[in-house]
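Student: There's a structure below that I have some questions on.
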Amino acid sequence: MSQTTLEEHCQALEWKDLLRLYARLLREAPEHLDLAARTLRNKARSGEVPEDAIPGLSACLMSAENNSVTVELAKALAAFGSKAEAAAPILVHKMQEMHIQDDVDFWAFDGCLHALGYIGSEEDLDALEEFGEKPPVTRAGDLYKGNMPEEHRLNLFDTSLDIVTERLEAEDAGTWTQRNTDYTSEQEDANNANVPAWRAGML
């Protein structure tokens with residue numbers, strides 16, 4: 001099955017069948033998991049996935065080993081806001097394990113960070129503090145293979161950290177059901193050449 005055919009197949013499935021497909025791909029073709037995860041994100045954001053799916057989405061998140069898959073599932077859960085709070089510890093653990101070695105990894109971590117702001121609570125502020133003390137986005141040092149300079153990555157990370165901290169401290173951060181258009185820092189605008197075209201679809 002080609003990638004295009006698989007993507008069309010994913011779009012046509014109901015959420016339960018899509019979760020079953022994710023489990024099958026996990027066993028047989030993990031390189032295609034991002035397609036199932038992205039479709040789950042899109043369907044969750046459009047209201048096609050009910051709250052009953054949260055445990056299944058959480059289980060998928062727990063099994064994810066690829067940063068791109070992790071962030072799509074995190075965003076699917078963020079579409080439910082605080083109703084998916086039980087998945088927050090799983091997401092924090094995944095973020096702690098992330099190796100950020102290029103721009104794709106950076107944006108995956110950033111997306112997970114914002115997703116945590118919707119599904120997490122004040123209990124997750126300690127994790128944010130740990131991230132702030134030892135920023136994962138600069139951990140790779142000279143081994144970083146992306147185009148974004150370390151200072152730019154750190155500035156974007158600090159901006160996200162402030163936004164997510166405010167969400168976690170809020171009584172209700174709401175849900176994340178569309179592209180996050182309110183997050184565009186001056187630093188990002190100034191370095192637009194460093195933002196890949198696909199990144200727009202990841203927010």
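Student: On full extension of the chain, what length is gained from Thr138 through Asp172, given 0.36 nm per residue of separation minus the C-alpha to C-alpha distance?
Tutor: Values: separation 34, 0.36 × 34 = 12.24 nm, distance 3.07 nm.
Stretched fully, the Thr138-Asp172 segment lengthens by 9.2 nm.
Student: Sticking with this one: Among the helices of the chain (complete DSSP H runs), which have Cα atoms covering no less than 15 Å along the helix axis and a Kyte-Doolittle mean of at least 0.5?
Tutor: Details: long enough: 15-28 (19 Å, -0.41); 33-45 (18 Å, -0.64); 67-78 (16 Å, 0.75); 103-119 (24 Å, 0.66); 150-169 (28 Å, -0.61).
For the chain, where a helix must reach 15 Å along its axis and average at least 0.5, the hits are 67-78, 103-119.
Student: Next question, about the same structure. If each residue's Cβ is checked for other Cβ atoms within 10 Å, how do Lys83, Lys134 rank with the fewest at the top?
Tutor: Details: Lys83 14, Lys134 8.
Placing the least packed residue first, the sequence is Lys134, Lys83.
Student: Between Gly174, Gly111, Gly141, find the one with the highest GNM mean-square fluctuation for the chain; connect C-alpha pairs within less than 10 Å.
Tutor: For the chain, modelled as a Gaussian network with Cα springs under 10 Å, the answer is Gly141.
Student: Please find the FRET efficiency linking Ala12 to Glu65, where r is the Cβ-Cβ separation and R0 is fixed at 30 Å, and quote it to the nearest 0.05.
Tutor: On the way: r = 26 Å, r/R0 = 0.88.
So, using R0 = 30 Å, E works out to roughly 0.70.
Student: Taking only C-alpha pairs under 8 Å that are 6+ residues apart, what is the relative contact order of the chain in percent? Provide the component values of the computation, followed by the final result.
Tutor: Values: 247 pairs, mean separation 40.4, N = 203.
Worked out over the chain, it gives 20 percent.
Student: In addition: Find out how many positive minus negative residues lie around Ala140, taking Lys and Arg as positive, Asp and Glu as negative, among other residues whose Cβ is under 11 Å from that of Ala140. Don't skip to the end; give the middle numbers.
Tutor: Details: positive: Arg139, Lys145, Arg153; negative: Asp102, Asp105, Asp142, Glu150.
With Lys, Arg at +1 and Asp, Glu at -1, the neighbours total -1.
Student: Mind checking which lysines have their Cα closer than 25 Å to the Cα of Lys134? Skip sequence neighbours fewer than 8 apart in that chain.
Tutor: Counting by Cα, and skipping residues close in sequence, Lys134 has these lysines nearby: Lys75, Lys94, Lys145.
Student: Quick one: work out Rg over Rh on the C-alpha atoms of the stretch 48-112, Rh as Kirkwood radius.
Tutor: Numbers: Rg = 11.4 Å, Rh = 11.8 Å.
Reported Rg/Rh (Cα atoms, Kirkwood Rh): 0.96.
Taken together, the values in this text are just the output of simple stated rules run on the coordinates, not laboratory data. Only a predicted model underlies this, so the values are computations on that prediction, with no experimental measurement involved. In this analysis, Cβ positions are derived from the backbone assuming ideal geometry, glycine residues included, and neighbour counts consider all displayed protein chains.
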